[in-house]
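*Asks:* Got a structure for you, questions after.
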Amino acid sequence: MPAAAAPIISSVQKLVLYETRARYFLVGSNHAETKYRVLKIDRTEPKDLVIIDDRHVYTQQEVRELLGRLDLGNRTKMGQKGSSGLFRAVSAFGVVGFVRFLEGYYIVLITKRRKMADIGGHAIYKIEDTNMIYIPNDSVRITHPDEARYLRIFQNVDLSSNFYFSYSYDLSHSLQYNLTVLRMPLEMLKSETTQTRQESFDIFEDEGLITQGGSGVFGICSEPYMKYVWNGELLDIIKNTVHRDWLLYIIHGFCGQSKLLIYGRPVYVTLIARRSSKFAGTRFLKRGANCEGDVANEVETEQILCDASVMSFTAGSYSSYVQVRGSVPLYWSQDISTMMPKPPITLDQADPFAHVAALHFDQMLQRFGSPIIILNLVKEREKRKHERILSEELVAAVTYLNQFLPPEHTIIYIPWDMAKYTKSKLCNVLDRLNVIAESVVKKTGFFVNRPDSYCSILRPDEKWNELGGCVISTGRLQTGVLRTNCVDCLDRTNTAQFMVGKCALAYQLYSLGLIDKPNLQFDTDAVRLFEELYEDHGDTLSLQYGGSQLVHRVKTYRKIAPWTQHSKDIMQTLSRYYSNAFSDADRQDSINLFLGVFHPTEGKPHLWELPTDFYLHHKNTMRLLPTRRSYTYWWTPEVIKHLPLPYDEVICAANLKKLIVKKFHKYEEEIDIHNEFFRPYELSSFDDTFCLAMTSSARDFMPKTFGIDPSPFTVRKPDETGKSVLGTT
């Protein structure tokens with residue numbers, strides 16, 4: 001097997017902020033505290049941010065000597081004992097970014113974190129607490145009466161609520177990207193032209209790179225996919241002045257991990273949801289799409305399966321499946337000026353050439369390849385036209401765009417009135433969804449990083465041979481994606497995504513040789529565990545966008561929900577209605593300020609004085625001559641050339657420019673994932689190392705009685721399970 005590059009682990013994981021009257025000194029180290037970096041932040045500038053990074057890697061002894069000199073040099077009286085000139089302000093685990101309103105800059109630091117998941121030894125953390133520190137000294141501070149109000153609005157974005165980061169795993173990209181593009185054989189990198197190499201790999205000025213000889217290990221990382229990064233604007237001001245190890249990119253959404261125990265063999269099931277930071281906001285205030293093709297409530301959900309008995313990206317078995325939810329990609333909105341549960345839907349602009357939909361699907365083809373499959377769950381038949389307005393317009397847009405695409409790459413449109421079928425006593429909603437899910441997974445395939453099992457070749461399942469995607473020497477690639485939407489992309493969408501995910505999970509387990517047929521039945525421990533993950537995922541996204549948890553769950557559509565669930569559903573509906581009516585405007589202001597959509601400026605209207613944020617999210621309205629794309633060739637030419645493969649994952653000069661490659665000694669911490677995970681240099685507990693707190697199929701779902709089949713794929717009656725009959729956690 002050809003040698004592959006290893007992922008680079010950030011060498012800044014522990015931070016301490018030291019303070020003098022004139023400077024802040026941010027000292028960052030790796031977890032083993034063997035390598036240190038120092039940032040000097042000027043406190044004498046009232047409005048500008050002055051940061052100096054000498055890019056020198058210090059030893060522990062050198063940092064102690066440096067801090068000692070700084071302490072001595074900043075004492076009020078030279079040689080006086082007991083009066084310190086350097087104060088330890090705060091300890092942290094990462095920098096969220098820097099922000100300025102009307103006075104000086106603030107620094108936002110992560111002060112508490114919690115490990116949520118582990119993928120191949122790479123830890124994923126949730127932010128638990130942050131600290132916001134004002135940088136300029138009081139002696140130079142220029143006060144502004146509205147500063148405190150902006151600070152309150154900014155802090156209304158709760159960073160301790162579902163924001164995630166990792167020091168070594170790129171959360172903004174899928175596992176398929178991280179295990180194909182970032183694990184490409186070194187021969188591919190070496191085969192590129194000298195010019196490409198110089199353009200791509202000159203980021204590190206003092207390391208031996210591919211152009212040089214010698215035996216070492218190459219580390220590789222990529223630029224994040226900024227659409228799913230939430231602190232990109234906060235880091236933008238220091239991006240080009242500090243070493244990349246200081247840049248910690250965070251995502252917003254959901255991350256959950258559970259353990260499926262198959263006769264003692266641990267398999268981790270991980271669910272990661274990435275919310276788009278473009279056109280982000282709350283339910284009624286952000287609908288449809290903006291002028292750049294970004295849609296409201298766009299979330300990329302990825303389910304990852306890994307054999308936890310082998311902790312290695314090269315030797316382990318990994319599989320993933322990605323699907324997307326997002327608002328209908330049209331110019332539409334709902335008027336909430338009158339208090340009513342379902343405000344009327346209006347199409348805001350005529351778009352006969354589907355311009356905004358074209359931009360949206362061009363983005364999707366570039367990231368996912370083809371086919372793009374739309375599952376539209378909005379109502380088709382209504383006494384008064386409401387949801388159907390969107391369906392009719394979306395059909396027209398897809399029909400128009402498909403005229404110009406090559407026939408093999410056309411957008412597949414599946415309309416299904418889920419609400420109508422739910423009311424019918426003759427139709428089983430989940431059976432119909434299961435049929436749709438099978439056809440979708442067969443078209444897109446899924447990602448697995450190893451060739452098909454020998455047992456699958458000897459006794460192939462008839463469904464296995466019909467599977468789509470792309471088969472390569474090292475496994476399979478997912479090509480294309482399912483895009484699910486209803487009106488809100490909350491309740492119906494989550495159930496549909498769960499059913500597609502359940503179908504994909506069966507194929508993933510089969511591909512790893514863990515089950516003999518790619519089928520999973522309800523009322524098994526495996527599906528109960530997966531359903532619980534998806535309901536947590538749905539509740540979290542629903543709270544973020546709609547202001548309440550899910551109203552209708554999988555059990556509702558299975559028609560096995562207990563009668564107590566109905567009163568709970570009413571409370572969630574009321575909670576959502578209250579949130580939309582009273583608190584959403586404030587939350588929208590906070591998101592606009594946090595993401596840098598609005599920048600406070602002296603002499604211009606304040607955020608709370610704007611009658612609408614429409615012009616902030618639709619930038620083309622402020623241009624005199626907006627650029628227009630072709631009405632027929634609506635895609636990016638390079639994207640079409642490589643279909644069905646996603647252009648973002650093709651090895652080409654444009655994508656190689658996004659890579660950073662660095663040469664290490666084989667024992668250096670920056671590429672040693674074994675030391676990073678097990679940390680032999682410190683006293684650690686089993687609970688921290690092996691995530692024993694995660695949900696386990698054997699402990700939480702398997703019956704405790706003797707003589708029961710321990711397989712998580714055995715169908716059990718509700719009263720036999722380890723969980724209560726209601727299925728609560």
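*Asks:* So for region 292-376, what percent of the C-alpha to C-alpha distances run longer than 18 Å?
*Replies:* Everything past 18 Å amounts to 60 percent.
*Asks:* Separate question: Return the distance in nm (one decimal) between the two label points of a simple spin-label model at THR346 and THR632, each offset 7 Å from Cα along Cα→Cβ.
*Replies:* 3.6 nm
*Asks:* With n ≥ 4 as the cut-off for DSSP H runs, can you work out [θ] at 222 nm for the chain, using -39500 (n - 2.57) per run divided by the number of residues, rounded to the nearest 500?
*Replies:* Taking each H run of at least 4 residues, the total per residue is -8000 deg cm²/dmol.
*Asks:* Within 10 Å of each residue's Cβ, count the other Cβ atoms and sort SER91, SER548 from fewest upward.
*Replies:* SER91, SER548
*Asks:* When the distances between all Cα atoms of the chain are binned every 20 Å from zero, what whole-number percent does each bin get?
*Replies:* P(r) over the chain, rounded to whole percents: 16, 49, 31, 4, 0.
*Asks:* Could I ask something else about it? Got a sec? How would TRP464, TRP332 order by Cβ neighbour count within 10 Å, fewest to most?
*Replies:* Ascending Cβ contact count within 10 Å gives the list TRP464, TRP332.
*Asks:* Out of region 626-661, which chymotrypsin sites (Phe, Trp or Tyr not before Pro) are coil in DSSP terms and have no more than 12 other C-beta atoms within 10 Å?
*Replies:* Filter output for region 626-661: TYR633.
*Asks:* With no solvent and one point on each alpha carbon, what is the Debye value of log10 I(q)/I(0) for region 121-163 at q = 0.25 Å⁻¹?
*Replies:* -0.98
*Asks:* If one computes the Cα centroid of region 125-143 and of region 644-664, what distance in Å separates the two points?
*Replies:* First find each Cα centre; the distance between them is then 37 Å.
*Asks:* Step by step: find N for region 422-553, compute 2.2 N^0.38 Å, then divide the Cα radius of gyration by it. What's the final number?
*Replies:* 1.15
*Asks:* Right, something else. Cross-link partners among aspartates and glutamates for LYS385, C-alpha distance below 13 Å, same-chain residues fewer than 8 apart left out?
*Replies:* GLU393
*Asks:* Across bins of 10 angstrom width beginning at 0, how are the C-alpha pair distances of region 291-340 distributed, in whole percent?
*Replies:* Values per bin, smallest distances first: 19, 26, 22, 17, 11, 5.
*Asks:* I would also like to ask the following. Given +1 on the Cβ of Lys and Arg, -1 on the Cβ of Asp and Glu, and no further charges, what dipole in debye does the chain carry about its Cα centre, rounded to the nearest 20?
*Replies:* Computed charge dipole of the chain: roughly 1040 debye.
*Asks:* Shifting gears a bit: Per residue, what volume in Å³ does the convex hull of the Cα atoms of region 251-649 enclose?
*Replies:* Convex hull volume per residue, Cα atoms: 164 Å³.
*Asks:* Please report, in Å, the Rg and the Dmax of region 34-75, where both are computed over Cα atoms only.
*Replies:* When restricted to the Cα atoms of region 34-75, Rg and Dmax are 12.3, 35 Å.
*Asks:* Go ahead and collect, in residue order, the members of region 526-555 whose backbone nitrogen is under 15 Å from a label point 7 Å along the Cα-Cβ direction of ILE336.
*Replies:* 542-549, by backbone N distance to the label point.
*Asks:* Related question: Sort PHE498, PHE163 by Cβ crowding within 10 Å, fewest neighbours at the top.
*Replies:* Ordered from fewest to most neighbouring Cβ atoms within 10 Å, PHE498, PHE163 come out as PHE163, PHE498.
*Asks:* For the pairs LYS126/LYS259; LYS559/LYS717; LYS227/LYS666; LYS227/LYS619, flag any whose C-alpha to C-alpha distance is greater than 26 Å.
*Replies:* Violating the 26 Å Cα-Cα cut-off are LYS227/LYS666.
*Asks:* Which of ALA653, VAL63, GLY475 sits farthest toward the positive end of the charge dipole of the chain, with +1 on the Cβ of Lys and Arg and -1 on the Cβ of Asp and Glu?
*Replies:* GLY475
*Asks:* How far, in nm, would the chain grow between LYS658 and ASN402 when pulled straight, counting 0.36 nm per residue and subtracting the alpha carbon separation?
*Replies:* Contour length minus the Cα-Cα distance gives 89.0 nm.
*Asks:* Restricting to bridges with both residues inside region 251-649, how much of the DSSP beta-bridge set is antiparallel, in percent to the nearest 5?
*Replies:* Bridges in region 251-649 that DSSP calls antiparallel: roughly 75 percent.
*Asks:* What is the set of long-range amide H partners of GLN13 at a cut-off below 5 Å, with H atoms built 1.01 Å from backbone N?
*Replies:* SER29, ASN30, HIS31
*Asks:* Measure off 7 Å from each Cα along the Cα-to-Cβ vector at SER84 and ARG459, then give the distance between these two points in nanometres to one decimal.
*Replies:* With each label point 7 Å from Cα toward Cβ, the separation is 6.8 nm.
*Asks:* With labels modelled as points extended 7 Å from the Cα through the Cβ direction, what inter-label distance (nm, one decimal) is found for LYS423 paired with THR111?
*Replies:* 5.3 nm
*Asks:* Moving on. Going by the alpha-carbon gyration tensor, a ≥ b ≥ c the square roots of its eigenvalues, is region 103-192 rounded (a/c under 1.5) or, if a/c is not under 1.5, prolate (a/b greater than b/c) versus oblate?
*Replies:* prolate
*Asks:* Past the 22 angstrom mark, what percentage of all C-alpha to C-alpha distances in region 602-712 do you count?
*Replies:* Distances greater than 22 Å cover 75 percent of the Cα pairs.
*Asks:* Limiting things to C-alpha atoms, what are the Rg and the maximum Cα-Cα separation (Dmax) for region 501-563, in angstroms?
*Replies:* 14.0, 42
Here, each number is a calculation from the coordinates, and none is a lab measurement. Remember, it's a predicted structure, so these values are computed and weren't measured experimentally. As a convention, Cβ positions derive from the backbone with ideal geometry for all residues, glycine included, and neighbour counts pool all protein chains shown.
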